[in-house]
Amino acid sequence: MMNPHVCKAGLWGMRGVGKSTLVKELEWKTVKDCSFGIVVSVELSESPDVKTIQVKIAESLGMKKFDVETLCERIFKEESILIIMDNIWERLDLIEVGVPFGDDHKGCKLLFSSRNLNVLTQEMNVEEQFCFKLEVLSEKESWSLFEKQVGDAVKDNNIRPTALKVAKACCDLPLLLITVANALKNKRLSVWNDALQQLTRFNHKVAFWSLGLIEDIDSLAHARKRLDSLVTELKSACLLLEEEDENEFIKMHDIVHEVARRLASRDQPIFAVK
Ligand SMILES: Nc1ncnc2c1ncn2[C@@H]1O[C@H](COP(=O)(O)OP(=O)(O)OP(=O)(O)O)[C@@H](O)[C@H]1O
Ligand SMILES: [Mg+2]
């Protein structure tokens with residue numbers, strides 16, 4: 001972002017990997033270092049509306065009343081400004097919002113985060129070389145986060161071996177590690193073992209599901225039958241949920257979807273669940 005030739009940069013990665021955490025850290029660091037005259041950060045929702053984004057930017061700039069022109073003029077006045085837009089889902093027209101950038105205002109830098117690289121490159125026109133993927137944690141980092149979150153319980157030699165396995169079953173995803181750690185801290189060994197069993201079964205089933213559909217299928221009828229029985233099995237394990245009012249439709253919880261994608265791409269790179 002300090003490169004004078006870069007006006008837009010992007011951060012992308014799967015749900016719960018830590019994008020918002022990282023951009024908040026970056027915001028804090030740039031404010032502390034005075035790297036920019038002003039830093040404005042906006043968190044977007046799945047269906048953002050331009051007005052809400054404008055209000056958030058205007059408020060951060062201390063404007064009580066504004067329209068597109070005055071907002072744009074105000075941003076022009078800032079010699080060096082960083083605007084962070086966390087969680088971009090779809091194309092957002094910066095001109096419509098009133099954000100001048102590029103040759104119009106070289107001092108205005110934009111940082112976007114998204115779960116999807118294509119949204120950054122195709123919809124927000126960020127050059128791919130300035131899009132950075134946030135990967136899941138390393139095994140060591142995962143354990144250290146899990147251990148910190150659980151606290152003293154993992155020092156107990158009875159719990160520790162199970163805790164190590166539980167942390168491993170969380171697929172190095174911060175969101176899952178934190179959620180599971182918080183649910184298990186201060187719990188008895190039997191609860192830990194139960195959780196481990198559930199997580200392992202959960203991962204096996206998701207992996208089985210992601211691979212099973214493309215193995216040994218010799219006819220369409222066979223595939224259909226197999227799919228039906230897999231769906232029934234996954235529904236009973238709460239890995240797929242029945243859509244309310246619509247019996248023919250099923251849905252998948254976000255976190256199950258992420259783990260499925262991660263396992264599918266790790267074990268079978270040609271298969272991706274969308
Ligand atoms: N490096 C990290 N160390 C410790 N905790 C982390 C780290 N990264 C993320 N977390 C924690 O993991 C959880 C999910 O992180 P975060 O909300 O930043 O994910 P995200 O990538 O923005 O997800 P989403 O795509 O849903 O917006 C949060 O509780 C956050 O505090
Ligand atoms: Mg986020």
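Rule-based calculations on the coordinates, nothing more; no lab input. These numbers come from a predicted model, not from an experiment. Reconstructed Cβ throughout: ideal geometry from the backbone, glycine too, with neighbour counts over all protein chains shown.
With the simple spin-label model, which puts each label point 7 Å out from Cα in the Cβ direction, the Ser138 to Met2 separation comes to 2.4 nm.
For the pair Ser47 and Asp93 in one chain, pulling the backbone fully straight at 0.36 nm per residue adds 15.2 nm over the alpha carbon distance. Length gained on full extension, Lys155 to Trp28: 42.4 nm, using 0.36 nm per residue less the C-alpha separation. Label-to-label distance for Ala183 and Phe76 is 5.4 nm, based on points extended 7 Å past Cα in the beta-carbon direction.
Please list, in chain and number order, the residues 5+ apart from Leu134 or on another chain whose amide H is under 5 Å from its amide H, with Hs placed from the backbone. HN-HN under 5 Å from Leu134: Trp12, Gly13. Pairs exceeding 19 Å between alpha-carbon atoms, taken from Lys29/Lys77; Lys77/Lys109; Lys24/Lys185: Lys29/Lys77; Lys24/Lys185. Peptide packing for 19-28, 159-168 was compared via the average number of neighbouring C-beta atoms within 10 Å per residue; ordered from the highest value, the list is 159-168, 19-28. Counting other Cβ atoms within 10 Å as a rough exposure proxy, the listed residues Ile83, Ile95, Ile178 run Ile95, Ile178, Ile83 from fewest neighbours to most.
Here's how it looks for Gly16: its modeled amide H is under 5 Å from none belonging to a residue 5 or more places away or on a different chain. Neighbours of Ala153, meaning other residues whose beta-carbon lies under 14 angstrom from its beta-carbon, give a summed charge of +3 when Lys and Arg score +1 and Asp and Glu score -1.
Near Val40, the amide H atoms lying under 5 Å from its own belong to Leu82, Ile83, Ile84; only residues 5 or more places off or on other chains count, and H is placed 1.01 Å from N.
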